[in-house]
Amino acid sequence: MPEDKEYSYEVVREGSDVILKVNYENVLSPPSIEEDPVCMSRTINMLLEAGKVTKLIFQQKRDFEYDFDQVQIIQEIASLYNKFVKNRDLMTFLLAKDNPASKSRQALLQKFVYSIMKKDPLGAYVLIRRERREQEHILESDPNNLDKETIQEFARVLDHMLDEFEATALIKLAQPYVMGYKLGDRSIYKKLFHPTIKPDFMFTKLMASYPQEGEVLANYSIANTDVTIFELPGSVNYLYHIVPPEFKLTEAKYDLLDTARSIMAEHKPTRSEFVNPALMREVFYNVGHDLIEELANKQDVRLRLKEIDELAEILVRYTVGFGLIEILLNDPQIQDISINSPMGNISMFIVHGEFGDCKTNIIPTASDGESWATKLRLMSGRPLDEANPILDTELELPTVRARIAVISPPLNPSGLAYSWRRHRIKPWTLPLFIKYKMMNPLAAGLMSFIVDGARTILVAGTRSAGKTSLLGSLMVELMRRTRIITVEDTLELPSDALRKFGYNIQPLKVAAALSKGSSEVPADEGIRSTLRLGDSALFVGEVRSTEAKALYEAMRVGALANVVAGTIHADSPYGIYDRVVNDLGVPKTSFKATDIALVANPIRSPDGIHRWRRVTQITEVRKFWEEDPLRENGFADLMKYDATTDELQESEVLINGESEILKAIAGNVKEWAGNWDAVWDNVLLRTKIKERVVKAAAQTGDDNLLEAGFVIVANDEFHKISERVREEVGALDSDRIYFEWESWLKTALTKKKFL
């Protein structure tokens, strides 16, 4: 232990790490190797006593952690200091010479090492280098100097010390910045040392400082959290850097949170409490709010109501919540979050809507992983252990939903790893997809027509293509008088949100394909059970396994009665066929029950860095083929993505009225039977309405017009006006329908008559 009573330290082994933990609570200044010369000097002293370590953690309200690479830099300087000090010849060689100049030079050398090197090794190096130039100048100006031999000996010692310094990582890394260095300037150290910071009340670590050479690409704020996107030199990954509110608190607020968390930690939420996470969060928020207010009064800390609210929110995140994960999920630009093992040294990665794959400044710890796993077990009721190393579940927060996949040993031998897929708490809509260019208005109008035509639809795409979001947007196109049944192993479709909008909807949760030992009903049985629940539209979250046969049974039984739709992993219509028939064992004749393949895929930029989600095909599956739909023209594209225009283009099949599926829809409607022009006219009418909604949102600056609340009302009004016009004039007069609908829109925008 160091003699300085202000601080103490211990060496702790955690796995392969040897950690030097320093109690800095009694030190008035914050711990910072890069900013505080005293802290740097103390660190070198501790390293000399403790020996080799891999991490350095200062504990002072927050944990300030320096990782292996940074510790090695300072440890190398400690070793060099020790080497100089133990070299008696080096430190005393001039004292034997009986002249003031030699003693002065020796004193200068000792000052460089004893007084400066530990506090400012870079300063010591620069002073030695300057002194070496000074000795050279003395000899050049007076070649016959009587003390020439001593000067040359002193110069050789300085050269030796410079060689030793220049072999260290610190000097190598600092060389580009040494020119013009002023003694005491710590700016170079700030470029080399960047501790991660973790308040006492949380496990997760954060690289709080900005990258020195990063170029800012964008910055914005999400719920009092500062977000900055950096481009880093020498890396194709961007840095997603956040500074959340918990890292901007005063010391008094940190104390309040730490104390409040310690008190609330005594209550361990039970399984029954986790069954209703929303209620549990509300209870913990109210209790935490009162507790913080009480503690603030006791400690004479004056807080406004808004500040207490903020602290209570933070407290909930770090008791029954998921910490900084919740901050990330609140960013609407984030699509996916990846957390790899072993946790503790690896940053989280995210997929950003605009900047693609990004590294973050967040480093979750093993304690984070264990805490999240426990909560997810309780919330899902599903196991996560050696016999069941995969947990697939969902999480619903006040403003966002997420699907979570967890893998654990023995499948993942290095610990726990997580994948979080963010979903909007609000349902996606076709107008929203138009705004984000995932599809154009004609595609939206066409899909609206097909959904109303009660067809069978498979939404296909690669991972992260937006399949579930597309499927949810098709649900919004159904009239509210239609009963809907959803079947999912993790609840991702917007059932709860649509129920609040007045939909008659019944979600069913079935066992995950990879789950074992669960009491949940298998997916195929869940789908078959819907056939006994009456006339309903059926939406299946994802077709993965044995449920494929059950889904096609539902398609064939429910043909022409109501929509049957689901998602599947495939990148093309033939890919759907290959997956369904060859991988999942559905008979070829059953596959013909598929009417429409809606394919979405990510589109990449030429440099491979950027990508965008796009619907790439709307294809009908024809019925008159025997062996192979690709060879026998069983697939007919209605619309296909054109890279030059970056949007879907209608095909000749669609333009010329050769779509068998659309004709089949028309055959069930008196006004459309045998009249392709009337069918196409109705598709264009729906297109025009979708486009008008998007334009209205842009003109008013109100994106709420694109949300489900308004889109559902607008769709209902379209159907009511269509029915009224048909009864009055005996036909679906598109011009009149649109005129009356737009009149309704103008009134609704004026009076805000929408949900």
Out of (1) hydrophobic (A, V, I, L, M, F, W, C); (2) modelled with pLDDT of 90 or more; (3) surrounded by fewer than 20 Cβ atoms within 10 Å (Cβ to Cβ), what's the single condition that is false for Phe230?
-> (3)
Run down Phe739, Phe718 and say which single residue is part of a helix (DSSP H, G or I), aromatic (Phe, Trp, Tyr) and surrounded by fewer than 16 Cβ atoms within 10 Å (Cβ to Cβ).
-> Phe739
Applying the selection to the range 38-64, what residues are open to solvent by 50 Å² or more (accessible area, probe 1.4 Å) and either in a helix (DSSP H, G or I) or in contact with a Leu (Cβ under 7 Å, 6 or more places away or on another chain) (or both)?
-> Val38, Asn45, Leu48, Glu49
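Is it true that Asp290 is assigned to a helix (DSSP H, G or I) and surrounded by fewer than 21 Cβ atoms within 10 Å (Cβ to Cβ)?
Numbers: assigned to a helix (DSSP H, G or I): yes; surrounded by fewer than 21 Cβ atoms within 10 Å (Cβ to Cβ): yes.
In short, yes.
Name the one entry in Glu166, Glu149 that is acidic (Asp, Glu) and over 28 Å from Phe68 (Cβ atoms). Walk me through how you get there before you give the answer.
Values: Glu166 fails: over 28 Å from Phe68 (Cβ atoms).
Checking each option against the conditions leaves just Glu149.
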Check the range 299-321 and report whether any residue there is assigned to a strand (DSSP E or B) and closer than 30 Å to Ser419 by Cα.
-> no
Here the qualifying pairs (Cβ atoms under 7 Å; residues six or more apart or on different chains; first in the range 434-458 and closer than 12 Å to Leu638 by Cβ; second among the basic types (Lys, Arg) and modelled with pLDDT of 95 or more) come out as Gly445/Arg686; Gly445/Lys690; Phe449/Arg686
Is it the case that some residue within the range 422-432 is of a type in the set (S, T, N, Q) and in a helix (DSSP H, G or I)?
-> no
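Please find, among Gly453, Gly461, Gly445, the residue that is closer than 19 Å to Asn562 by Cα and in contact with a Ser or Thr (Cβ under 9 Å, 6 or more places away or on another chain).
On the way: Gly453 fails: in contact with a Ser or Thr (Cβ under 9 Å, 6 or more places away or on another chain); Gly461 fails: closer than 19 Å to Asn562 by Cα.
Among Gly453, Gly461, Gly445, only Gly445 is closer than 19 Å to Asn562 by Cα and in contact with a Ser or Thr (Cβ under 9 Å, 6 or more places away or on another chain).
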Candidate set from the range 245-289 (those that are aromatic (Phe, Trp, Tyr) and modelled with pLDDT of 80 or more); member that is nearest to Val320 (Cα to Cα) = Phe284
Of the residues that sit in the range 638-651 and are open to solvent by less than 70 Å² (accessible area, probe 1.4 Å) and in contact (Cβ under 8 Å) with a residue 24 or more places away in the chain, which one is farthest from Thr589 (Cα to Cα)?
-> Asp646
Could you grab the pairs with beta carbons closer than 8 Å, sequence gap of 6+ or different chains, first residue in the range 157-170 and in contact (Cβ under 8 Å) with a residue 60 or more places away in the chain, second one among the small types (Gly, Ala, Ser)?
-> Phe165/Ala124
Residue list for the range 394-417, restricted to those being surrounded by fewer than 17 Cβ atoms within 10 Å (Cβ to Cβ) and of a type in the set (Asp, Glu) = Glu396
So, of the residues in the range 655-676 that are open to solvent by 60 Å² or more (accessible area, probe 1.4 Å) and not hydrophobic (A, V, I, L, M, F, W, C), which turns out to be farthest from Val563 (Cα to Cα)?
-> Asn656
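So that you can scan it fast, the table gives a plain yes or no per residue for (1) open to solvent by 20 Å² or more (accessible area, probe 1.4 Å); (2) over 13 Å from the mean Cα position of the chain (by Cα); (3) of a type in the set (Ser, Thr, Tyr); (4) under 26 Å from Glu488 (Cα atoms):
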{"position": "Glu354", "(1), (2), (3), (4)": "yes, no, no, no"}
{"position": "Cys358", "(1), (2), (3), (4)": "no, no, no, no"}
{"position": "Ala366", "(1), (2), (3), (4)": "yes, yes, no, no"}
{"position": "Glu370", "(1), (2), (3), (4)": "yes, yes, no, no"}
{"position": "Thr374", "(1), (2), (3), (4)": "yes, yes, yes, yes"}
{"position": "Arg377", "(1), (2), (3), (4)": "yes, yes, no, yes"}
{"position": "Gly381", "(1), (2), (3), (4)": "yes, yes, no, yes"}
{"position": "Pro389", "(1), (2), (3), (4)": "yes, yes, no, yes"}
{"position": "Asp392", "(1), (2), (3), (4)": "yes, yes, no, yes"}
Mind telling me which of the residues Tyr177, Tyr210 ends up being closer than 14 Å to Gly123 by Cα and of a type outside the set (A, V, I, L, M)?
-> Tyr177
Out of His160, His194, report the one residue that is under 30 Å from Thr319 (Cα atoms) and over 22 Å from the mean Cα position of the chain (by Cα).
-> His194
Pairing a residue in the range 671-692 that is closer than 22 Å to Glu742 by Cβ with any residue that is charged (D, E, K, R) and open to solvent by less than 60 Å² (accessible area, probe 1.4 Å), where Cβ atoms lie under 8 Å and the two sit 6 or more apart in sequence or on different chains, gives Ala678/Glu671; Arg692/Glu742
With respect to Met202, determine if the residue is at pLDDT below 85, crowded, with 18+ Cβ neighbours inside 10 Å and over 30 Å from Arg304 (Cβ atoms).
-> no
Considering only residues that are hydroxyl-bearing (Ser, Thr, Tyr) and over 35 Å from the mean Cα position of the chain (by Cα), look in the range 30-52 and name the one that is farthest from Tyr114 (Cα to Cα).
-> Thr43
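The values are calculated or read from the model by the stated rules, or taken from the named source; none is laboratory data. None of these values were measured; they are calculated from a predicted model. All Cβ positions, even for glycine, are placed from backbone atoms using ideal geometry, and neighbour counts span all protein chains on display. Just the protein is used for accessible areas: all its heavy atoms, side chains included, with ligands, DNA and RNA removed. Shrake-Rupley method; radii C 1.70, N 1.55, O 1.52, S 1.80 Å.
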